[in-house]
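Shown next, in structure tokens, is the structure this report addresses.
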Amino acid sequence: MATNSELQTVGGAVADAPPPAQVLVIYAGGTIGMEAGERGLVPGRDFADRMSSALATLPVERRSGLPDYELRESPTPIDSSSAKPSDWSHIAELIAAHYQDYCGFVVLHGTDTLAWCASTLTFQLQGLTKPVIVTGSQRPLGVHASDALANLEAALTFAASDSLREVGLVFGGRLLRGCRTRKIYTHDTRGFESPNCPILGEIVDGDAKLHVDRFLANQGAPRFELVSLPETASVVRLPLWPGMDPALVARWLEMESVRGGVLECWGSGNLPEDAALIGVLAQAVGAGKTLVAVSQCPVGSLNVGAYASGETLNEIGVLSGDDMTTEAAFCKLLHLLSQQLPLPEVRRRFLTPLSGERSTLSVAPDRAPQAEDASTG
Ligand code: ASP
């Protein structure tokens, strides 16, 4: 990924598009721009020409409805499976540096870590007053049955919306809240779901339908928190598995470079009643590491304390991530820990919805276990 200063303007405009609203498109890499290499697909360059040629194949009435755009291309586009948190900081810096110059932004990025990129941008670009749309594709632009052109067209369309003021992920004709998404499909052109947040918009018969009532409310003015994220994350993921050895968890949490962890619990926030494991987690919290919990179930929220085995999380000071995705919880924690914030402030802000990343209800009502169905959580 290029640094902010390395990214160059190389692109043109959509033929016949009406001029006023101009979108900045940032090409960071991913399948959308990939080409065949000796060992398989590799990130390709010169995306500007390929993109304008592809858009030129659209029927004229669709082309003319798209906003004008300018493309900035990374000189070293990457496969996003190699993306690092610092890469997303560079994208956020680029958007912030040109925030006044464009009516919206599109980030073209690989799908493997697109939800992580969207989550990071959400926390860096708080209080957006215009759309930032991330997208990619399952098949490269220009190959048979590619979804790339449809995603580009939809992304440009949603990026020109004057009512959307948040980071959205556009894929398979749907607009999703970026920080609520997960890549669910390896090949299907739907690509992503936002299991705990309804879709924000969709393309129906070629027209963009916006669910404006679901958009984030106008947050006043930008409150960007441009944090230079590291290449190596100081946060770890700790998924539970049956029979896990607490000593392994201890090794990770004892490392000085590890400042926080996302504990991926069972169901509504349960963990094994294993004194050694609980001791390891409690010791880490006591040593000033911030531990947060999310569920391994993609749909629904934690309800920490519904079960005795989950109440332990409260007792040892692990914070509830409610219905956040692992991606959002991880990126939020890394974002907070990468600033010079006192620990109580990190904890307070983690629990506070900053930009739509968690539902304001601590438990989605339809998911809260009742006394009589407590065995189902
Ligand atoms: N490995 C690719 C990437 O994330 C996959 C994709 O874009 O769909 O860059």
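For C297, which of the numbered conditions (1) surrounded by 16 or more Cβ atoms within 10 Å (Cβ to Cβ); (2) closer than 30 Å to L341 by Cα fails to hold?
For C297, the failing item is (2).
Only residues that are within 16 Å of the ligand (Cβ to nearest atom) and within 26 Å of the chain's Cα centre (by Cα): list them for the range 32-49, please.
Across the range 32-49, the qualifying residues are I32, G33, M34, E35, L41, V42, P43, G44, R45, F47.
Which one of these is among the hydrophobic types (A, V, I, L, M, F, W, C), in contact with a strand residue (DSSP E or B) (Cβ under 8 Å, 6 or more places away or on another chain), within 16 Å of the ligand (Cβ to nearest atom) and without any contact (Cβ under 8 Å) to a residue 40 or more places away in the chain: V170, V143?
Of the residues listed, the single one that is among the hydrophobic types (A, V, I, L, M, F, W, C), in contact with a strand residue (DSSP E or B) (Cβ under 8 Å, 6 or more places away or on another chain), within 16 Å of the ligand (Cβ to nearest atom) and without any contact (Cβ under 8 Å) to a residue 40 or more places away in the chain is V170.
One line per residue, one yes/no per condition, for (1) under 24 Å from S86 (Cα atoms); (2) assigned to a loop (DSSP other than H, G, I, E, B):
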| position | (1), (2) |
| --- | --- |
| S228 | yes, yes |
| E256 | yes, yes |
| A276 | no, no |
| A282 | no, no |
| C297 | no, yes |
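I want to confirm something. Restricting to the range 65-120 and keeping residues that are without any contact (Cβ under 8 Å) to a residue 40 or more places away in the chain and more than 15 Å from the chain's Cα centre (by Cα), which single residue is farthest from R45 (Cα to Cα)?
Q100
Looking at A150, is it among the hydrophobic types (A, V, I, L, M, F, W, C), part of a loop (DSSP other than H, G, I, E, B) and within 15 Å of the ligand (Cβ to nearest atom)?
Judged against the criteria, A150 is not a match.
Can you pull out the residues in the range 210-235 that are free of Cβ contacts under 8 Å to residues at least 40 places away in the same chain and surrounded by 14 or more Cβ atoms within 10 Å (Cβ to Cβ)?
Selection gives R214 alone.
Could you list, ordered by first residue, the pairs with Cβ atoms under 8 Å in which the first is in the range 191-209 and under 22 Å from C179 (Cβ atoms) and the second is surrounded by 13 or more Cβ atoms within 10 Å (Cβ to Cβ) and among the aromatic types (F, W, Y), at least 6 apart or interchain?
Every condition considered, the pairs that remain are G191/F171; G191/Y185; F192/F171; F192/Y185; L200/F215; G201/F158; A208/F158.
Starting from residues that are closer than 16 Å to S146 by Cβ and in a helix (DSSP H, G or I), keep the ones in the range 53-65 and report whichever is farthest from the ligand (Cβ to nearest atom).
So, considering only residues that are closer than 16 Å to S146 by Cβ and in a helix (DSSP H, G or I), the one farthest from the ligand (Cβ to nearest atom) is A56.
Which numbered condition in (1) part of a loop (DSSP other than H, G, I, E, B); (2) within 22 Å of I26 (Cβ to Cβ) is the only one that R190 fails?
Among (1) part of a loop (DSSP other than H, G, I, E, B); (2) within 22 Å of I26 (Cβ to Cβ), R190 violates only (2).
What's the total number of residues in the range 89-135 that are more than 13 Å from the ligand (Cβ to nearest atom) and under 16 Å from P230 (Cα atoms)?
So the count comes out to 10.
Look through A48, A36 and report the one residue that is out of contact with any helix residue (DSSP H, G or I) (no Cβ under 8 Å at 6 or more places or on another chain), at pLDDT below 95 and farther than 17 Å from F171 by Cα.
Of A48, A36, the one residue that is out of contact with any helix residue (DSSP H, G or I) (no Cβ under 8 Å at 6 or more places or on another chain), at pLDDT below 95 and farther than 17 Å from F171 by Cα is A36.
With A56, A92, A96, A115 as the choices, which residue is out of contact with any Leu (no Cβ under 8 Å at 6 or more places or on another chain), among the hydrophobic types (A, V, I, L, M, F, W, C) and modelled with pLDDT of 95 or more?
Going through A56, A92, A96, A115 in turn, the sole match is A56.
The values are calculated or read from the model by the stated rules, or taken from the named source; none is laboratory data. Computed from a predicted model, the values in this text were never measured in an experiment. Quick reminder, even Gly has a Cβ in these numbers, built from the backbone with ideal geometry, and neighbours come from all protein chains shown.
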